[in-house]
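Asks: Structure incoming, see below.
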Amino acid sequence: MGQRTWTAVDAYFDGLLVDEDEALTAATAASGAAGLPAHQVAPNQGKLLHLLARIRGARTILEIGTLGGYSTIWLARALPEGGRLVTLEADERCADTAAANIARAGLEDRVEIRRGRAVDLLPGLTGMDPFDLVFIDADKPSNPEYLKWALKLTRPGSVIIGDNVVRDGAVVDPATDDPRVQGVRRFTELIGEHPRLTATALQTVGAKGYDGFVMALVTD
Ligand SMILES: C[S@@+](CC[C@H](N)C(=O)[O-])C[C@H]1O[C@@H](n2cnc3c(N)ncnc32)[C@H](O)[C@@H]1O
Ligand SMILES: [Mg+2]
């Protein structure tokens, strides 16, 4: 059992459960055509983010790391009328591609792409309403910093999700010299010891290989 089976099982469940439509497939195609790396979440993972946002009843969502806007579209579609999603992206080509993909999906009225390094943009969000859901999916070495900001920008009942925390299993190596693995390890430790967070992590296999999510609830 391995990648071929994981991909086939994803395809089976996607065919039954995951309503990836033309706007989403076009977003993936346009991102590939623009030369962006295929680092977007898988369709069933996008649907998971969508469902979590709906289960939470999220009206405000923050995403750190837009790429071509694939996860952005899944999340923004979970918003009710009047809901807002802010997504942060450092790379101009990614932001341009995402803007076109989000417009094609008819979501530009509720999605705002802010361009620049997330650490520079996050302080500018403090005046906004707290975010109900934060999806952290950018440069992994900065995850501990992003967690600090996520805690400042949320409220009790908010959900914080971190992507790509398993990294083919490398996360269990305390001696790693990979700054991305060090980033997700420190991120997870900080979540685990934080008095206002209750969390879990799930390993995932599928079309995108072997990885996983951390999910935390902000408590009182
Ligand atoms: C894994 S991709 C995001 C994938 C996207 N969330 C999805 O699933 O469709 C990571 C993105 O973060 C962006 N990024 C990397 N470092 C960043 C930083 N310091 N600030 C903002 N964005 C950054 C990259 O340019 C890239 O587009
Ligand atoms: Mg990711």
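Asks: Name the lysines eligible as straight-distance cross-link partners of LYS208: C-alpha to C-alpha under 29 Å, and not fewer than 8 places from it in the same chain.
Replies: Answer for LYS208, where 29 Å is the Cα cut-off: LYS47, LYS140, LYS148, listed by chain and number.
Asks: For the stretch 139-147, in order, what is each residue's ³J(HN,Hα) by Karplus, 6.51 cos²θ - 1.76 cosθ + 1.60 with θ = phi - 60°, in whole Hz (x at glycine and Pro)?
Replies: Rounded to whole hertz, the list is 6, 5, x, 8, 3, x, 5, 5, 5.
Asks: Within the stretch 9-36, name every residue whose backbone N is under 13 Å away from a label modeled 7 Å from Cα of ASP91 along the Cβ vector.
Replies: 31-36
Asks: From the phi of every residue in the stretch 41-49, what ³J(HN,Hα) in whole Hz does the Karplus formula 6.51 cos²θ - 1.76 cosθ + 1.60 yield, where θ is phi - 60° and glycine or proline is x?
Replies: With coefficients 6.51, -1.76 and 1.60, one gets 4, 5, x, 5, 6, x, 5, 4, 4 Hz.
Asks: Where in the stretch 26-45 does the label zone of GLN3 land, with the point 7 angstrom along Cα→C-beta and an amide N cut-off under 18 Å?
Replies: Residues 37-43 fall inside that zone.
Asks: So, one more: Using a Förster distance of 41 angstrom, determine the FRET efficiency expected from the C-beta separation of ASP178 and ALA103, and round it to 0.05.
Replies: That pair, ASP178 with ALA103, gives E of 0.65.
Asks: Could you give P(r) for the chain, binned at 10 Å from zero, as whole percent values over all Cα-Cα pairs?
Replies: 8, 34, 40, 17, 1
Asks: Something else: What FRET efficiency, computed as 1/(1 + (r/R0)^6) with R0 = 30 Å and r the Cβ-Cβ distance, is obtained for THR198 and ASP129, rounded to the nearest 0.05?
Replies: 0.85
Asks: Another one. Write down the percent of antiparallel bridges among all DSSP beta bridges whose residues are both part of the stretch 3-218, to the nearest 5.
Replies: Percent antiparallel among DSSP bridges in the stretch 3-218 is about 45.
Asks: May I ask you to compute the full-extension gain from ALA11 to ALA170, defined as 0.36 nm times their residue separation minus their alpha-carbon distance, rounded to one decimal in nm?
Replies: 54.6 nm
Asks: Output wanted: per-residue J couplings in Hz (rounded whole) for the stretch 97-102, from phi through Karplus 6.51 cos²θ - 1.76 cosθ + 1.60, θ = phi - 60°, x for Gly and Pro.
Replies: With coefficients 6.51, -1.76 and 1.60, one gets 5, 4, 4, 5, 5, 5 Hz.
Asks: Accessible area per residue for the chain in Å², computed with a 1.4 Å probe and the full protein assembly in place, what is it?
Replies: Counting only protein heavy atoms, the per-residue value for the chain is 47 Å².
Asks: Let me ask something additional. Working with all protein chains in place, sort TRP149, TRP74, TRP6 by solvent-accessible area computed with a 1.4 Å probe, largest first.
Replies: The ranking, largest first, comes out as TRP6, TRP149, TRP74.
Asks: Given the alpha-carbon gyration tensor of the stretch 1-58, what are the semi-axes of its equivalent ellipsoid in whole angstrom, ordered largest first, with each equal to the square root of 5 times an eigenvalue?
Replies: The three semi-axes for the stretch 1-58 are 20, 19, 11 Å.
Asks: Kindly report, to the nearest 10 Å², the accessible surface of THR200 as traced by a 1.4 Å probe over protein heavy atoms only.
Replies: The accessible area of THR200 comes to roughly 80 Å².
Asks: By per-residue mean of other Cβ atoms within 10 Å, what is the highest-first order of 141-148, 126-133?
Replies: Going from most to least packed, we get 141-148, 126-133.
Asks: Let me ask something else. For THR60, list long-range residues whose amide hydrogen, built 1.01 Å from N in the peptide plane, is under 5 Å from its own amide hydrogen.
Replies: ARG84, ASP132, LEU133
The values are calculated or read from the model by the stated rules, or taken from the named source; none is laboratory data. What you see is a predicted model; the values in this text were computed from it and never measured. Reconstructed Cβ throughout: ideal geometry from the backbone, glycine too, with neighbour counts over all protein chains shown. Just the protein is used for accessible areas: all its heavy atoms, side chains included, with ligands, DNA and RNA removed. Shrake-Rupley method; radii C 1.70, N 1.55, O 1.52, S 1.80 Å.
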